[in-house]
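Note sheet for the following structure.
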Amino acid sequence: MAEVPIRIGLEIHCQLTNLRTKLFCGCPADYRGSPPNTHICPICMGLPGSLPSPNKKAIEDGVAVAIALNSEISKRMTFFRKNYFYPDLPKNFQISQYDGGGGVPLARGGYLHIEGGKRIRIRRIQIEEDPAKLAYEGTIDDSTATLVDNNRAGVALLEIVTEPDMEDPKEARAFLEKLRGILECLGVSNGELEGAMRCDANISLGGGTRVEIKNISSFKEVERALTFEITRQRQLLARDIEVRRETRHWDDVRRITVSLRAKEEEEDYRYFPEPDIVPIEISEDFIEGIRKRLPELPDQRRERYIRQFGLQEHNAELISSDNALSKLFEECVRMGGDPIEVSNWLVGDLISFTRELGMELTDPRVSPSKIVELVKLIRSGSISTKIAKEVLMESLRSDESPEDIVKRRGLLKISDEALLRDVVEEVFTENEKAVREALHDEDVVNFLIGQVMRKTKGKADPNLTYEIVKGSLERIKGGAPDS
Amino acid sequence: MLPRSAIETREELAGGASVEEYVLSLLERIRREDPKINSFITICDGPAIEAAKALDRKRREGGKLGPLFGLAVAVKDNICTKGVRTTCGSRMLEGFVPPYDATVIRRLKGADAIVIGKTNMDEFAMGSSTENSYFGPTRNPLDPERVAGGSSGGSAAAVASAFAPLALGSDTGGSVRCPASFCSIVGLKPTYGTVSRYGLISYANSLEQIGPMASNIGDCELLFDVIRGYDPRDNTSLPQKRVEIGEGGLRIGVPKEFFMEGVQEAVEKCVRDFLDKMGSLVEVEEISLPSLAYALPTYYIIAMSEASSNLARYDGIRYGLRGEDGSDWNETYCNNRGMGFGQEVKRRIILGTYALSAGYRNRYYIRAQKIRTLIREDFERAFKEFDLIAGPTMPVLPFRIGEKLDPVEVYMCDIETVPANLAGIPAISVPCGMSQGLPVGLQLMAPPFGEELLFRAGRIVEELA
């Protein structure tokens, strides 16, 4: 079957986790780890007579994100009510924003570049309140009741909606990673927190019917859910079955999407302007004030890494889009590490080692001084790259400095020519056949060098070893008599 | 005992008369007389006596005495009072005890007033006769066979019965002015944004204001000055302004649309005669505000739309009436709401839901918003020429309890009062005479923040009536 074009759009909800209070009341916004229903008040509980008061800082944070996503910020934005009955909504409506019916969201338009330079367009950004959290005793199936924890009710959410510009699940994930990096860099949202970033996706194949997928809990799951959905839709199309316009639910246990409701069953939300909140004017001065305070954003950082340090595009992109990695990189450079070598170590082994060890990049054991020391040890010829990897892994695990490890384990590179000549001679004697082949086969030369490395436990200076092996082979070729 | 004005009573109490005795005498009067009237849903005996004792103590100790020192205020039961149940006249909230005070209650307490009780009202303020209350109708103290008006009927009846010299009502489409007119007292609907709505249980947020009610203009102004003011808890609250009163005489415009179909002859005659009498003191001229012809349907579409959303929260889960649990949450909600709400509330929720629904929104809700703008502009134009606009408060005389059964007929009663809510302007009802032995109220409207103008003109009406 021919490849059909895929179009993926995302709708991301991110909590403004760095706010002190909720969106419309003074309750603490940080609900994680608190006993249920302890961060509540008449306003977020929707008690009769209570009224919402918009949190100015939330609007500032929203404006900062809109600037970072190159969006056009509305001069006068409005809150709208989205009406539907559900146990997680204390008022049975959600105070949100609406792009239509006279409603004006925080911002419209904009874009974000993902790795490789592809531009993903933003449709709109809006602010809304998070619903409460539902919980069950045991599983949803055998729980006798639905429990409601209102601590989350009223926490400020930013909804970011993209155009369907992503063409495969990997791009969707790349977009999310990039977005998370930006939000963290701005200091408005910590995407690491459970439930702080949630995502719905819509997908269509070959310009056909659009299907929405809800309940995707992590970036990895986004990729999985979309991959599943592509397979499902392809199979339908292959059998000439029409893809239904519907909303599907991602079941992350069974790793399949299941139909939630068809288009005809979609709720009518009866949007109308929230009468308790007057339209909010956003002045040029207000926007400029926020723009001036913005930190350096990942894209700007990437450009600077290339310009200032001569980093490769790939390394610059990877490091700049991760705030922890950027911080580590800049610390290393500040401490005198060679930027290019440092960047290679960070992007290469450091990321995979920390992942292997289940460590965060912010772990104190991942200290810049270790990287700098390591790079210097290699540069000065004290250890080989191969040994360096071993040292790095051990240093991360044990928190011993690379230098100490090298000293304690005697890993200093053998650069003593006489010593190495003896080892080479030993290898040549043990591998006569290989020596004959090596005279006209470069691969076998490498085998001989490998043998030398093995005998020296990797400590032999690779360049010197190469020279000695080559020299010895030349002498054999030239018929020089064995001494 | 002849009821004294609030201002006089305050002087007596501040001068040394016992607040406790005053409150006890009111409570005694309420216990004796109110069973015939039914103006209160909850009488605050305990807290009121305690507050009175505290005020007596404060005076003895030489504390600074507030502007409402010792005065009893009857508060409509849709204004939240901490620790005192607040029912909205509904079975749904029969047992609801708010954990907080509305801003106006805090202001009353801060001015040394005493909340004497919570007054009867049409359920969720939906009605014009206080017959739609789960706690039974309020009777008109001037003729107990007749309605007290609504929806703040309990507050008006309490003042007219001298159970309290002052009362708070709320006015979404005339709910302060209608019962004020029917009970022959003074009632003000302030400029939208002047009195904080924080703690007022919403019926239609974009239209309503809490308003003062009293037996005379002076008392009404006294109470208004206490409750008005910017409140950061109400996002629609506005910084206070005052309209300058010019040196010249008042110019009053009387829209002919206020005497259209549905206005009883007796009412029209009484009001027109009175305006003629006023003509000797102020300039009175007939004008036309064409958009007023559409005010009533516009009002009901907006009010019901907002109500359908505001009342969604009453599902019986977190507070309020809880009946049998259904097999799922949806069924449970239906049980609770089906049981907790009365007929009129259900009707308005259904109509409002309809008006906001996809496919009807543009035809109803959006169109109503456009007409609302036209009405506001009509008033703005008129106020360029006139200081005030006048007309009858009610198109009809107080009717008999049970007389009006057709809902549309009751809605028609709001025809004179809803324009001020749609335009957000202040309006007052002042007694201007009697017809067939029943009271008639004159309604005066002013530009935004023109409350002082209303009080000034109201004093002229008081003198002439």
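Suppose we filter segment B:49-90 for residues that are away from chain A (no Cβ under 14 Å) and under 30 Å from B:G316 (Cα atoms); how many remain?
1
Determine which single condition B:R139 fails, assuming it passes every other condition in (1) closer than 30 Å to A:I43 by Cβ; (2) surrounded by fewer than 24 Cβ atoms within 10 Å (Cβ to Cβ).
(1)
Taking the conditions exactly as written (at positive phi and over 31 Å from the mean Cα position of the chain (by Cα)), does A:K457 satisfy them or not?
Answer is yes for this residue.
Taking into account only those residues within segment A:90-110 that are within 11 Å of another protein chain (Cβ to nearest Cβ), closer than 18 Å to A:P279 by Cβ and in a loop (DSSP other than H, G, I, E, B), which is modelled with the lowest pLDDT?
Per the stated criteria, the residue is A:G101.
Has segment A:256-269 got any residue that is surrounded by 15 or more Cβ atoms within 10 Å (Cβ to Cβ) and over 32 Å from the mean Cα position of the chain (by Cα)?
Among the residues of segment A:256-269, at least one is surrounded by 15 or more Cβ atoms within 10 Å (Cβ to Cβ) and over 32 Å from the mean Cα position of the chain (by Cα), which makes the answer yes.
Here is a check on your reading of the model: is B:D231 within 14 Å of chain A (Cβ to nearest Cβ) and touching a strand residue (DSSP E or B) at 6+ places or on another chain (Cβ under 9 Å)?
yes
Those residues that are of a type outside the set (D, E, K, R), more than 30 Å from A:R76 (Cβ to Cβ) and part of a helix (DSSP H, G or I), I need them from segment A:287-315; list them, please.
Answer for segment A:287-315, where residues must be of a type outside the set (D, E, K, R), more than 30 Å from A:R76 (Cβ to Cβ) and part of a helix (DSSP H, G or I): A:P298, A:Y305, A:I306, A:Q308, A:F309, A:H314, A:N315.
Of all residues in segment B:403-444, which are over 13 Å from B:R177 (Cα atoms) and of a type in the set (G, A, S)?
B:A423, B:G424, B:G433, B:S435, B:G437 - these are the residues of segment B:403-444 that are over 13 Å from B:R177 (Cα atoms) and of a type in the set (G, A, S).
The conditions are (1) outside any loop (DSSP other than H, G, I, E, B); (2) closer than 13 Å to B:V104 by Cα, and B:R197 fails exactly one of them. Which is it?
(1)
Tell me which residues, restricted to segment B:107-130, are surrounded by fewer than 24 Cβ atoms within 10 Å (Cβ to Cβ) and under 24 Å from B:R177 (Cα atoms).
Across segment B:107-130, the qualifying residues are B:R107, B:V115.
Restricting to segment A:1-20, give me the number of residues that are among the hydrophobic types (A, V, I, L, M, F, W, C), within 21 Å of A:K56 (Cβ to Cβ) and assigned to a strand (DSSP E or B).
Total meeting the criteria: 1.
Are any of the residues in segment B:363-371 of a type in the set (K, R) and away from every other protein chain (no Cβ under 14 Å)?
no
Select, from A:K263, A:K220, the only residue that is modelled with pLDDT under 95, in the same structural domain as A:G116 (by TED's automatic domain parsing) and either within 30 Å of A:V63 (Cα to Cα) or touching a Cys at 6+ places or on another chain (Cβ under 6 Å) (or both).
The match here is A:K220.
Looking at A:V148, A:V104, A:V155, can you tell me which residue is hydrophobic (A, V, I, L, M, F, W, C), within 26 Å of the chain's Cα centre (by Cα) and outside the structural domain of A:L318 (by TED's automatic domain parsing)?
On inspection, the qualifying residue turns out to be A:V155.
Report every pair of residues separated by at least 6 positions or lying on different chains whose Cβ atoms are under 7 Å apart, first residue within segment B:450-462 and over 15 Å from B:C432 (Cα atoms), second assigned to a helix (DSSP H, G or I) and hydrophobic (A, V, I, L, M, F, W, C).
B:E451/B:F224
Out of the residues in segment B:307-329 that are touching a helix residue (DSSP H, G or I) at 6+ places or on another chain (Cβ under 7 Å) and in a helix (DSSP H, G or I), which is farthest from the other protein chains (Cβ to nearest Cβ)?
Once the filter is applied, the top-ranked residue is B:A307.
Give the residues of segment A:248-284 that are in a strand (DSSP E or B) and more than 14 Å from chain B (Cβ to nearest Cβ), sorted by residue number.
A:R248, A:H249, A:W250, A:D251, A:I256, A:T257, A:V258, A:S259, A:L260, A:R261, A:A262
Inside segment B:195-221, can you point out the residues that are within 8 Å of chain A (Cβ to nearest Cβ) and surrounded by fewer than 24 Cβ atoms within 10 Å (Cβ to Cβ)?
B:N205, B:S206
Out of B:G187, B:G169, I need the residue that is in a strand (DSSP E or B), closer than 28 Å to B:D45 by Cβ and in contact with a Cys (Cβ under 9 Å, 6 or more places away or on another chain). Which one?
None of the other options fit; the residue is B:G187.
Scan segment A:167-201 for residues that are surrounded by 19 or more Cβ atoms within 10 Å (Cβ to Cβ) and assigned to a strand (DSSP E or B) and jot them down.
Within segment A:167-201, A:M197, A:C199, A:D200, A:A201 qualify.
Wholly within segment B:18-136, which strands (runs of 3 or more DSSP E) include no fewer than the required count, namely at least 3 residues that are closer than 23 Å to B:V226 by Cα?
B:72-76, B:114-119
Condition check ((1) within 11 Å of chain B (Cβ to nearest Cβ); (2) free of Cβ contacts under 8 Å to residues at least 60 places away in the same chain; (3) part of a loop (DSSP other than H, G, I, E, B)) across all residues:
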residue	(1), (2), (3)
A:L47	yes, yes, yes
A:P52	yes, no, yes
A:K57	no, yes, no
A:D61	no, no, no
A:A64	no, no, no
A:K82	yes, no, no
A:D88	yes, no, yes
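Would you mind finding the one in A:E417, A:E430, A:E437, A:E426 that is within 20 Å of A:G478 (Cβ to Cβ) and among the charged types (D, E, K, R)?
After applying the criteria, what remains is A:E437.
Restricting attention to segment B:78-98, does a residue exist that is of a type in the set (D, E) and under 25 Å from B:R233 (Cα atoms)?
No - not one qualifying residue is present in segment B:78-98.
Could you grab me the full set of residues in segment B:139-150 that are touching a Pro at 6+ places or on another chain (Cβ under 8 Å) and assigned to a loop (DSSP other than H, G, I, E, B)?
B:L142, B:A148, B:G149, B:G150
Picking from A:P42, A:P35, which residue would you name as being of a type outside the set (D, E, K, R), surrounded by fewer than 19 Cβ atoms within 10 Å (Cβ to Cβ) and more than 14 Å from chain B (Cβ to nearest Cβ)?
A:P35
Provide a single number: the residues in segment B:25-47 that are closer than 23 Å to B:K82 by Cβ and either touching a residue at least 60 places away in the same chain (Cβ under 8 Å) or of a type outside the set (D, E) (or both).
Count: 11.
The values are calculated or read from the model by the stated rules, or taken from the named source; none is laboratory data. Being a predicted model, the structure only gives us computed values, none of them experimental. FYI the Cβ positions are ideal-geometry reconstructions off the backbone, even for glycines, and counts take in every protein chain you see.
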